[in-house]
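These notes concern the structure reproduced below.
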Amino acid sequence: MEKFIVDGPVRLTGEVTISGAKNAAVAIIPATLLAQGKCVIENIPNISDVTVLFKILRGLGASVQMLDRTTVEIDTTYITEPVVPYELARYMRASYYLLGTLLTRCNRASVSMPGGCNFGVRPIDQHMKGFEALGATVSIDSGMINAQAEMLLGAHIYFDVASVGATINVMLASVKAKGITILENCAKEPHIVDLANFLNSMGADIRGAGTDVIKIHGVDLLHGTTYSIIPDQIEAGTYMVAAAATGGDVLIKNVIPKHLESITEKLEKAGAVVQEYDDSIRVTREGPLAKVNIKTMPHPGFPTDMQPQMTALLALAQGTSIVTEGVWDNRFRYVDELRRLGAQIQVDGKVAVVEGVSQLKAAPVRAVDLRAGAAVLIAAMTAEGSTEIEDIEYIERGYERIVEKLTALGAHVRKAIIPDHIFQEAL
Ligand code: EPU
């Protein structure tokens, strides 16, 4: 078993470089199945969600080769059965993008129900609605989602909710569908635009990504391409919040400041100074933290994936902040962990009331999911004493070399490997 041990409090200073976007990578890697020819993808983040996808692609018969630390070459010329088993799909949400791509590539796909972070119910009805509108038959049987179509035909699809996953999956299924597909009420997150740009660089004809309406003219053939993934909005936002929470001074490099505007605005209200440059952003804070109210919304609103980290910061702000979760039913499970560190937070449904305290104190805590893990890590860096964080595999699903990056900023974070027999003896 592995843990992070964090000694605090620390003030983060220096420079950090942001990796490629996880949620773009997990869509673009499955999309390589649509290419006739090799794809070279640059700025790949070295995180466990990506490693699992490589494993899935290799299992399907693809060749996946790292050319250097952040560049991968994927050749999907030879594919065996379009089936993704439970053992691999269960590790991540994005495994369901294999449904859209394999359906396009093989006219049928069978993918185990996906895993991923637990925020309450995570339905996939909008994905199924989209596939069915394109002419596929979709069923769920013994935990497998099965989709098949003799031929995919363009359609006019109105999503009932703006879903990142459904927008991406249906885009993947319609890129070669005969005729025109119009998707309405689409999600507008930066990774949706990145996937559309990747597909267009392969010869697709997709317009309007990043707006409510996406128009796709089906093409017969997609060729290989070389493409560089955008920087990770949420990793960048996490370091911005960490800098502000620790009263630090951090230059965050390889970012797209436009993607960070909703985070910048709230951090400035909380008392941080944010300076934007072309592809970097500097966050400093000297004075006290001030209360701020937050409501998470689909892009361009404040991202739900930054809600836990921001709540950790507000736990130290003067006054009472209200944090409202507008995307997921149950994204406050981590609050119990922050309370263990001394935070004063009450949750009622989708609202958290955060009464700022002047100091947090170390305690044993868990990462209950990926961003929750980032939140406890930020809180631990501000807390007095030595905090041990368990279940860190969640954090490593989405943050590349986080110990190395934080250590370079002056944090005292180390990974401890506790031999399994010590736990067994304690049981
Ligand atoms: N929804 C439906 N039906 C569907 C799909 C979604 O009702 O068929 C609802 C969900 O229940 C939720 C809302 O729509 O209330 C939005 O869900 P969405 O489909 O947009 O989320 P997702 O695609 O499952 C992605 C990210 C999440 C991020 C959300 C929201 C990936 C791999 N995951 O999830 O990221 O929280 O969008 O922005 O892109 C993370 O990176 O930590 C993470 C969890």
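The values are calculated or read from the model by the stated rules, or taken from the named source; none is laboratory data. Keep in mind that what you see is a predicted model, and the values were worked out from it rather than measured. FYI the Cβ positions are ideal-geometry reconstructions off the backbone, even for glycines, and counts take in every protein chain you see.
If I ask for residues that are surrounded by 14 or more Cβ atoms within 10 Å (Cβ to Cβ) and either within 25 Å of Ala317 (Cα to Cα) or among the basic types (Lys, Arg) (or both), which ones from segment 403-414 would you list? Break it down into steps so the answer makes sense when it comes.
The first filter runs over segment 403-414 and keeps only residues surrounded by 14 or more Cβ atoms within 10 Å (Cβ to Cβ), leaving 403, 405-406, 408-413.
Selection gives Lys405, Leu406, Leu409, Gly410, Ala411, His412, Val413.
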Checklist entry - What number of residues within segment 156-173 satisfy the criterion of being touching a Ser or Thr at 6+ places or on another chain (Cβ under 9 Å) and surrounded by fewer than 19 Cβ atoms within 10 Å (Cβ to Cβ)? => result 1
Item to check | Condition check for Leu195: within 11 Å of the ligand (Cβ to nearest atom), at pLDDT 95 or above and not charged (D, E, K, R) | outcome: yes
Checklist entry - Which of the residues belonging to segment 353-389 are more than 16 Å from the ligand (Cβ to nearest atom) and assigned to a loop (DSSP other than H, G, I, E, B)? => result Gly356, Val357, Ser358, Gln359, Leu360, Ala362, Ala363, Pro364, Ala383
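Does Gly179 qualify as being over 22 Å from the mean Cα position of the chain (by Cα) and surrounded by fewer than 19 Cβ atoms within 10 Å (Cβ to Cβ)? Reasoning before the result, please.
Details: over 22 Å from the mean Cα position of the chain (by Cα): yes; surrounded by fewer than 19 Cβ atoms within 10 Å (Cβ to Cβ): yes.
It is true that Gly179 is over 22 Å from the mean Cα position of the chain (by Cα) and surrounded by fewer than 19 Cβ atoms within 10 Å (Cβ to Cβ).
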Checklist entry - Of all residues in segment 103-127, which are of a type in the set (Gly, Ala, Ser) and under 21 Å from Lys350 (Cα atoms)? => result Gly116, Gly120
Checklist entry - Say we look at segment 210-222 and pick out the residues that are assigned to a strand (DSSP E or B) and crowded, with 23+ Cβ neighbours inside 10 Å; which of these is nearest to the chain's Cα centre (by Cα)? => result Ile214
Next on the checklist: Here are the criteria: (1) within 16 Å of the ligand (Cβ to nearest atom); (2) in contact with an Asp or Glu (Cβ under 7 Å, 6 or more places away or on another chain); (3) touching a residue at least 60 places away in the same chain (Cβ under 8 Å); (4) within 27 Å of Ile44 (Cα to Cα). Tell me which single one Ala162 does not satisfy.
Outcome noted: (2)
Checklist entry - When you go through (1) in the same structural domain as Ile182 (by TED's automatic domain parsing); (2) in contact with a strand residue (DSSP E or B) (Cβ under 9 Å, 6 or more places away or on another chain); (3) within 28 Å of Phe159 (Cβ to Cβ) one by one for Pro303, which number turns out not to apply? => result (1)
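Among the residues of segment 61-74, is there at least one that is under 27 Å from Arg122 (Cα atoms), touching a strand residue (DSSP E or B) at 6+ places or on another chain (Cβ under 9 Å) and surrounded by fewer than 21 Cβ atoms within 10 Å (Cβ to Cβ)? Before you say what the answer is, go through the steps one by one.
Let us first name the residues in segment 61-74 that are under 27 Å from Arg122 (Cα atoms), namely none.
No, segment 61-74 has no match at all.
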Checklist outcome for this item: The condition of being within 13 Å of the ligand (Cβ to nearest atom), out of contact with any strand residue (DSSP E or B) (no Cβ under 9 Å at 6 or more places or on another chain) and among the charged types (D, E, K, R) holds, among Arg93, Arg105, only for Arg93
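Regarding Gly135, is this residue touching a Gly at 6+ places or on another chain (Cβ under 6 Å) and either farther than 26 Å from Asp49 by Cα or more than 12 Å from the ligand (Cβ to nearest atom) (or both)?
Numbers: touching a Gly at 6+ places or on another chain (Cβ under 6 Å): no; either farther than 26 Å from Asp49 by Cα or more than 12 Å from the ligand (Cβ to nearest atom) (or both): yes.
No.
Residues of segment 75-114 being among the acidic types (Asp, Glu) and either buried (at least 16 other Cβ atoms within 10 Å of the Cβ) or within 21 Å of Leu195 (Cα to Cα) (or both), which ones?
First, pick out the residues of segment 75-114 that are among the acidic types (Asp, Glu): 75, 81, 87.
Listed by number, the list holds a single entry, Asp75.
Residues that are more than 28 Å from Tyr394 (Cβ to Cβ), of a type in the set (Asp, Glu) and within 16 Å of the ligand (Cβ to nearest atom): does segment 76-89 have at least one?
In the first step, residues of segment 76-89 are kept if they are more than 28 Å from Tyr394 (Cβ to Cβ); the result is 76-82.
Cutting the leftovers down to of a type in the set (Asp, Glu) gives us 81.
Keeping just the survivors that are within 16 Å of the ligand (Cβ to nearest atom) gives none.
Taking every residue of segment 76-89 in turn, none turns out to be more than 28 Å from Tyr394 (Cβ to Cβ), of a type in the set (Asp, Glu) and within 16 Å of the ligand (Cβ to nearest atom).
Looking only at helices (runs of 4 or more DSSP H) that lie completely in segment 1-116, which have at least 2 residues being free of Cβ contacts under 8 Å to residues at least 60 places away in the same chain and not acidic (Asp, Glu)?
Fully inside segment 1-116 and qualifying: 48-59, 86-89.
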Item to check | Odd one out for Glu388 among (1) of a type outside the set (A, V, I, L, M); (2) surrounded by 15 or more Cβ atoms within 10 Å (Cβ to Cβ); (3) out of contact with any strand residue (DSSP E or B) (no Cβ under 9 Å at 6 or more places or on another chain) | outcome: (3)
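Can you find a residue in segment 138-160 that is under 19 Å from the mean Cα position of the chain (by Cα) and assigned to a loop (DSSP other than H, G, I, E, B)?
no
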